[in-house]
1. Six or more apart or on different chains, Cβ atoms under 6 Å: show the pairs whose first residue is in region C:230-250 and of a type in the set (Gly, Ala, Ser) and whose second is open to solvent by 10 Å² or more (accessible area, probe 1.4 Å) and outside any loop (DSSP other than H, G, I, E, B).
2. Are any of the residues in region C:134-148 within 14 Å of chain B (Cβ to nearest Cβ) and either in contact with a helix residue (DSSP H, G or I) (Cβ under 6 Å, 6 or more places away or on another chain) or more than 25 Å from C:ASP477 (Cα to Cα) (or both)?
3. Filter the helices (runs of 4 or more DSSP H) completely within region B:1-98 down to those with at least 3 residues that are surrounded by 15 or more Cβ atoms within 10 Å (Cβ to Cβ) and modelled with pLDDT of 65 or more.
4. Can you name the residue in region C:436-491 that is assigned to a helix (DSSP H, G or I) and hydroxyl-bearing (Ser, Thr, Tyr) and, of all such residues, is nearest to C:SER276 (Cα to Cα)?
5. Which pairs have Cβ atoms under 9 Å, sit 6 or more apart or on different chains, and link a residue in region A:306-324 that is closer than 14 Å to A:TYR231 by Cβ to one that is of a type in the set (Lys, Arg) and open to solvent by 60 Å² or more (accessible area, probe 1.4 Å)?
6. Any residue in region C:90-107 that's free of Cβ contacts under 8 Å to residues at least 60 places away in the same chain: show its pairings with residues that are open to solvent by 60 Å² or more (accessible area, probe 1.4 Å) and not hydroxyl-bearing (Ser, Thr, Tyr) at Cβ separation under 8 Å, as long as the two are six or more apart or on different chains.
7. Please enumerate the residues belonging to region D:186-228 that are touching an Asp or Glu at 6+ places or on another chain (Cβ under 7 Å), open to solvent by less than 10 Å² (accessible area, probe 1.4 Å) and not β-branched (Val, Ile, Thr).
8. Going by the conditions given, is D:THR279 modelled with pLDDT under 85 and surrounded by fewer than 23 Cβ atoms within 10 Å (Cβ to Cβ)?
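The values are calculated or read from the model by the stated rules, or taken from the named source; none is laboratory data. Bear in mind that the values here come from a model prediction, so they are computed numbers and not experimental data. So basically every Cβ, Gly included, is an ideal-geometry build from the backbone, and we count neighbours across all protein chains shown. Areas reflect the complete protein model, heavy atoms only, side chains present, ligands, DNA and RNA absent. Shrake-Rupley method; radii C 1.70, N 1.55, O 1.52, S 1.80 Å.
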Amino acid sequence: MQTAIIEANNIVKDFEISRQGLQRKSMRALNDVSFKLHKGRALAIVGESGSGKSTVAKIVAKMHKANAGQVLFNQRDINEFKGRKAELEYRSNVQMVFQDPFGSLNPVHTIFHHVARPLLLHNKFSKHELRDKVEFILEQVGLNPASETAQKYPHQLSGGQRQRVNIARNLAVGAQVMLADEPTSMLDVSIRLGILNLMEEMKSEQDLAMMYITHDIATARYLAEDIGVMYVGHMLEWGDTDEVIHHPQHPYTQLLVSAVPNPEQSIHGGTLAEERGEIPLWTPHSRGCPFAGRCKHVSEQCRQQLPPVVALSERHFVRCFLHS
Amino acid sequence: MGFILRRLFFYLAAFMVAVVINFMLPRLMPGDPVTAMLGGRGAMMTYDQIEALRQTFGFVDGPLIQQFFSYVSSVFQGDLGTSVQSFPETVSTILGRAFGWTLFLTGAGTLLAFIVGSLLGILAAWNRGGWFDSIVSPLSLILQATPQLVFGLLFMFVFGVTLQWLPSGYAFSPELTPEFSWLFISDVAAHAILPVFTVFIVQLGGFLIPMRNNMINLLNEDYITMGKAKGLSQLRVMLNYGARNAVLPSVTSLSMALGMVIGGAMVVEVIFNYPGLGTVLYNAILARDYQLIQGQLLVMTLFMLFFNFMADILYLFLDPRLKHGGSA
Amino acid sequence: MFNKLSILGTAVLIGLGTLASADSLAAERSELTLVAEQRTAWDRNFNPYLTANKRATTFQFIYEPLVVFNALKGNQAHYRLATAHEFSDDLKTIRFTIRDGVKWSDGEQFSAKDVLYSFEQIKKDPVLDTQALADRIESVSIEGENVVAIKLKNVDTTIANKIVRVPIVPQHIWSQIDSPTTFKNETPVGTGPFTEIDSFTAQLYVQCANPHYYDAENLDIDCLKMPQIATNDQLLAAAIKGELDWTSSFIPDIDRVLISANPSYNYWYPAAGSASFLVNFKSPNPGNREAFNDINFRRAFSMTVDRQAVVDIAGYGYWSTNQYASGLGEQFASWNNPQVDAEFGQYNRYDLEGAKQLLSDAGYKDTDGDGFLNTPSGAEISFKVIVPNGWSDFVSTAQIGVEGLQELGVDASVSTPEFVTLTENMKSADFDAAFTNYFGGATPYRYFQTGFHSSMADKDRFGAHHYADPELDSLIDSFTKTADSAEQVKIMQDIQYRIGANQTTIPTMSTVYLYQFNDKRFSGWFSEANPQAVPVVWPDQPERLLHVLALKPR
Amino acid sequence: MNFLKLLLGNRKASIGLVIVLFFVVLSVAAPLFSDYSPTKRVSRPHQSPSAEHIMGTTRMGRDVFAQLAYGGRTSLAVGFGAGALVIVLAIGFGITAGYFGGVVDEVLSSMMNIMLVIPQLPLLMVLAAFIGEASPLVIAIIIGCTSWAWSARVIRAQTMAIREKEFVSAAQVLGEPAWRIILVEILPNLISIIGAAFIGAVIYSIMLEATLEFLGLGDPTAVTWGIMLYNMSNTSAILIGAWWEVIAPCIAIAMVGAGLALMNFAVDEIANPALRSHTGLKRWKLKQAQRKKILEAGKQSLAKQQQVPL
């Protein structure tokens, strides 16, 4: 396998949640998270809301800065991309598709503006080429007729069309890495597949490295070669998608997979909710395995120490004392 | 209580800003403050005389910072200096005399506006889109957009001068001595009608519109629908369910409005020659009585802060989230 | 000064009950209601040394002066606490003979020692020296029983007028006071006609007769009543109702507004000082300076001032036009030099066409095409006429003057800086043109001295034309060195000629003393038919003591 | 801008717009409506309205209608000028505080809050008195510099809300510079709130200017509605019975205020559709935000009050 285009090593992220005078309270959103993205492959990150999966994407997108650990882009620490020029260089390679198709497009600007800006910013098109290029990209993401769509405002499009605009925007940048933060979760089930197909297409045709964040295991299996399962800021199990889903090793993964008898069923609803125990608030001072409180196999060790990462195979890792 | 402490700290900071403004203003002006104060009198004074007056009025020489600290320390001792115009009367005495009248005038006007405005607001919300709402609501906004100056002048012209229905100057007839008697109290009331009504009418919209909007928001709540469904009388639903909740924010704004009106109603006082803080400030400005002007601005700021603080405390009761250290 | 900014506000419908009781009281004793000051509230303060906040009935009414000089009658002396005064031959000492048999209102004997004490007071603390005399007096002493001799540092024959304005206070009271500058003197002891404070509230006080008044047989009024009135409009409303007897405030359109509403009211507006436009000979702007130093321009300026409009509109017809080339004014008509008017009068009458002709003959034309005239050398003329902020009648006057200048083609406008700023700018010659009033008095000396002596140019606004004429200076100085009246008139006439010939000032109008009276309850009012003295009720008018003694209850 | 379209679509707003435009046209084209100069004596003093002088004359013999028309120029210019200054400052402070947050926000917010608790009219009076002979321009500047806090606070709050929207994140990820995000992405979304704040600031400035000038703190040689009132009171026009001098400027000020208020009434409705009428569709969303909204509405009305009592 070729070298990773994005490599995250042991990243930690804390958020301040309140401040009273000089006392600050923090929560740990990410703890010791590592992963890699490769060209032409997708990594799905699954987890419940609050598991920190979006934070992972935001750190890679340089919207947040990790408190510890490092993220490498082509073997270069992303924090080294400083200053206007270097930052633009990084951004022209790493882009993001947002979750909310309503919120991610500016209601006061036309679709043309949304696609033209990345072209102007990263590819320095001249004005008269611009129109053709914008329409070409819109056609590419299936927004036909393109010239008409370009004139429209976001509120004149459907949710699926808007998400296509978001993808078109990524396309316009020409990024090698696409971070997709639950791109289909707010769409009707009927149009999700179209968006997923479009992403799949882009992944293989444009040789994109993709991070696909979702709470939906079924779509993860559909799109991603690799999968990582997150819980309360920790990556509990990761590896080859089929391997992980068919042979889940971590009790949490097992719970997740068993809760999805029907591929259309999301983690959010249904049976899992009843089994949910207390989801802990992780702070820098918390100790042990975050899943300990809900685990059937919990031991005293689980409550005291964070389990180490165990390699089950070359392409399957788990963080659990059951396997050490 | 973190919230209260933080607010208090903020108010202290705001007060200090006011103190600094007060300190700087006369010193930034061209010319010497004492000459400026005496100038209008056209008196030909000798240098010695002016020097002596400078001492009497408490203008000390020395570096600015030293002057500043001596000013601040006297302010915190409650010493606002001596009026030039009414020497040797102290600024505090003069302001003390005027304050009661202002509080009476603005308090009565604002309270009235609060009561009438809230009631009309409830009615307007209840009849949302009806004829009452579409007349009263825009009208109250229009009233709000008309300066007190205009109302004051028109009332004075129509009721005070042309029709001569109501007295249009002073707080009470000069022939009376203040005492607790029916004659005196009714005299004071008669003199207060025009200025109070001016304050009232301008403030009305400030209470009516928010009340209407709050009510409309609340009327969509399920429990209101439920109340209606239960077959409760309209009036009961309106008052018990809607108004009781919708009025809470207005109560806090009442407190703040009082603070603001103390500074804002001065035009009314000037027009009707009402012996409150506004008239005092106006005359002080005409006479360039800088000590009095400064003291006045400081006192008005203090009242503003006080009523803001009252509003904060009311908020605390209304919005429990604040108790647990949320942002203010 | 009646250019006080007035606010709206009329007085009050008085409670019917109180009106009745007030009337019944007035029937028992004669109360003269007067407005001698306009304030928002009364403070009980009768300290004669405080310039700002003593009650206006303190001077003359509580503290009897030594002498009252009647300006209307050429400074004729009415002796009060003094029975005579005279200058020494070298004019360096002035002696007052003190009246016998006068008592303080507390029954103590009044004597020359009290007078001596009073003059010593003003040397103690500059704040007490309200007449700024301390530096001009060498020494004060008692000669014999009852003569107080005041030795002057320099000869000044006009100083008596100031000396008699020093309050004469009882030594036995004031020697006990630690801090005379903050003492409120709530229960005053004086030698004047009204020393007893009968009642006092913030809105009204009554001050009644001195039981030991030496001149009681000439005093027919029992009490003075001072209602608190803050604005001219309130005063007018009270006057219409007939509540006031004696006032000196500004009432617009008095015939239409007051007299027609209350026929028992009357007024008399005798001429006071004068007021003029003046230009700054040292203007910082070269074009303006060139024009201002050209007598043709000054004359043309003077000819564009529509003095009648000023009098009618800005002055409500109360003023009179001032066409004396020297700006002498109506008040000093008896000092007039007719030759000045014969020679230069034409330049001080409204004549727009003449002014245009004068300027075009002198070479003024619009050379830069901006629609305004330029100087003969082509420089730009553009100036503001400054008037103190809030002096609304003067602002109107300046606006009328500027209208004329604009007709003439001169780029002029009005500006109204703060009084202090205006005075500073005028003193330091940092301005172009101004409109200012001048002092009146018993003789034109003070007018000429403050307005035209070159030593005064940087002292106050009056002499701020900054034009120096040494001969004029010595003429003015010579006036105080002689006591011979024929010689004094000669000096004054020479002064007028020099000023008129040079058009140093642009005379505009003579102002008036404001005085309204109610004929209903009292008789004996001074009026045009009975011009005894200046009848103004304000405290800086010592003649008001003569007036109050002349009044009889009906 | 569709803002204007929205205004025209609302009946109250159209009426308001017509009133304001009437006065704008009257004053801009004053020479067309009046043959008289506002600063020249054209008749005898205090003439009552007649065919020749439809609103009578002043003490100075000047035509009241001419003064009203020409005075509108300055009064409206001060109102709109000061309003514009208020809005520019409010946008500057509000967006900066709201977008950057953190220490920047804390410093700027404290400034706003302090400005809000210092009583404004007295402060203005004192400033005007100290400056002396405040020309309309000076008045506009001091109003502008002391009245921005309320609008800034509203804009800040709205900016903070918009800043959380994903299109802002998207622009950040795209690499757009901060100034471009503020100006191109955020600012256009604030237009309706800025419009409302601007109209409010204009009303407020016109009221304040008239008040200050009436109190004698302005330049008495200027021709404005406030100076007309000042001259009226100076010449005791009410007592003389020259009612036309009182009525004319009072009506003009009140009408312009009313016109602007009507426009703002519409802007309020546009910004908050809940106040018009609504059926089912978005009710669930409304309800969620209700408690919060009510408290915030209260808070805003507090701030609004600040502007009002004059």
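1. C:SER249/C:ASN232
2. Our first condition is that a residue be within 14 Å of chain B (Cβ to nearest Cβ); within region C:134-148, this holds for C:134-137.
Then keep just the ones that are either in contact with a helix residue (DSSP H, G or I) (Cβ under 6 Å, 6 or more places away or on another chain) or more than 25 Å from C:ASP477 (Cα to Cα) (or both); that gives C:134.
Within region C:134-148, one or more residues are within 14 Å of chain B (Cβ to nearest Cβ) and either in contact with a helix residue (DSSP H, G or I) (Cβ under 6 Å, 6 or more places away or on another chain) or more than 25 Å from C:ASP477 (Cα to Cα) (or both).
3. On the way: elements: B:2-28, B:33-39, B:47-56, B:64-76.
Those helices (runs of 4 or more DSSP H) span B:2-28, B:47-56, B:64-76.
4. Let us first name the residues in region C:436-491 that are assigned to a helix (DSSP H, G or I), namely C:445-452, C:454-456, C:470-479, C:485-491.
Keeping just the survivors that are hydroxyl-bearing (Ser, Thr, Tyr) gives C:445, C:447, C:450, C:454-455, C:474, C:478, C:485.
Numbers: C:TYR445: 17, C:TYR447: 12, C:THR450: 14, C:SER454: 18, C:SER455: 20, C:SER474: 23, C:SER478: 25, C:SER485: 27 Å.
Top of the filtered list is C:TYR447.
5. What qualifies is A:LEU306/A:ARG287.
6. C:THR93/C:LYS151; C:ARG95/C:GLU86; C:ARG95/C:GLU143
7. Hit for region D:186-228 is D:GLY226, nothing else.
8. On the way: modelled with pLDDT under 85: yes; surrounded by fewer than 23 Cβ atoms within 10 Å (Cβ to Cβ): yes.
In short, yes.
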